[in-house]
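Engineer: This is the structure I want to talk about, given as structure tokens.
The numbers here are math on the coordinates, done by the rules we state, and not lab data. Fair warning: this is a prediction, and the values are worked out from it, not measured in the lab. Don't worry about glycine lacking a Cβ; one is built from the backbone with ideal geometry, like all the others, and counts go over all protein chains shown.
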Amino acid sequence: MYWKKVNYKVVQHHRFKDLPLSDLENVWFQHDGAPPHKVSSVQQYIRDTFQQQIIGYGGCVEWPPHSPDLNPLDFFLWGYIKQRVYATPPPTLQELRNRITDACASVLPATLYNVQREVQSRL
């Protein structure tokens, strides 16, 4: 979840409208303490949506902000993409774009499953 300068009501409407309530019960919000997430209306939305399943700022599970431990983008994806994209220097901007697209497409479902299991083992 990332709000930045997005109206939280827009995010609320589009992000969870198709997610069954039973699935939402298994979702945790990792709060990084970013100023946009500290606005009272956003804080209330986070509490109402995730209840006791908040990690970090104001949550029932304390966790340092910007910690890569529970963030698969930080502990897996960015390193994986960077390794594939920059194995050799891309000669053009278009080649850089192509490599990024190809690297993202190369992530196999089995790899995503293993990354998910790794996150669960860290909880």
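Engineer: Along segment 36-53, what does the Karplus equation 6.51 cos²θ - 1.76 cosθ + 1.60 (θ = phi - 60°) give for ³J(HN,Hα), rounded to whole Hz, x for Gly and Pro?
Structural biologist: x, 7, 8, 4, 4, 5, 6, 4, 5, 4, 4, 5, 5, 7, 9, 6, 8, 9
Engineer: Here is a further query. Take each of the peptides 83-93, 53-63, average the number of other beta-carbon atoms within 10 Å over its residues, and list them starting from the highest.
Structural biologist: My ranking of the peptides, most packed first, is 53-63, 83-93.
Engineer: Find how much the distance from Gln94 to Leu123 grows on full extension, using 0.36 nm per residue of separation minus their present alpha carbon separation; answer in nm with one decimal.
Structural biologist: Separation in residues times 0.36 nm, less the Cα-Cα distance, equals 6.5 nm.
Engineer: Could you go through segment 79-93 in sequence order and give the Karplus-derived ³J(HN,Hα) for each residue, using 6.51 cos²θ - 1.76 cosθ + 1.60 with θ = phi - 60°, rounded to whole Hz, and x for Gly and Pro?
Structural biologist: x, 4, 5, 4, 4, 6, 6, 9, 4, 9, x, x, x, 9, 4
Engineer: Right, another one. Please list, in order along segment 107-119, the HN-Hα scalar couplings obtained from phi with the Karplus expression 6.51 cos²θ - 1.76 cosθ + 1.60 (θ = phi - 60°), rounded to whole Hz, x for Gly and Pro.
Structural biologist: 3J(HN,Hα) across segment 107-119, in whole Hz: 6, 7, x, 5, 5, 4, 4, 5, 5, 4, 4, 5, 4.
Engineer: Nothing charged except the Cβ atoms of Lys and Arg (+1) and of Asp and Glu (-1): what's the magnitude of the dipole of segment 68-122 about its Cα centre? Round to the nearest 20 debye.
Structural biologist: 60
Engineer: Give me the extension gain from Lys82 to Cys104: residue separation times 0.36 nm, minus the current Cα-Cα distance, reported in nm with one decimal.
Structural biologist: Separation in residues times 0.36 nm, less the Cα-Cα distance, equals 6.9 nm.
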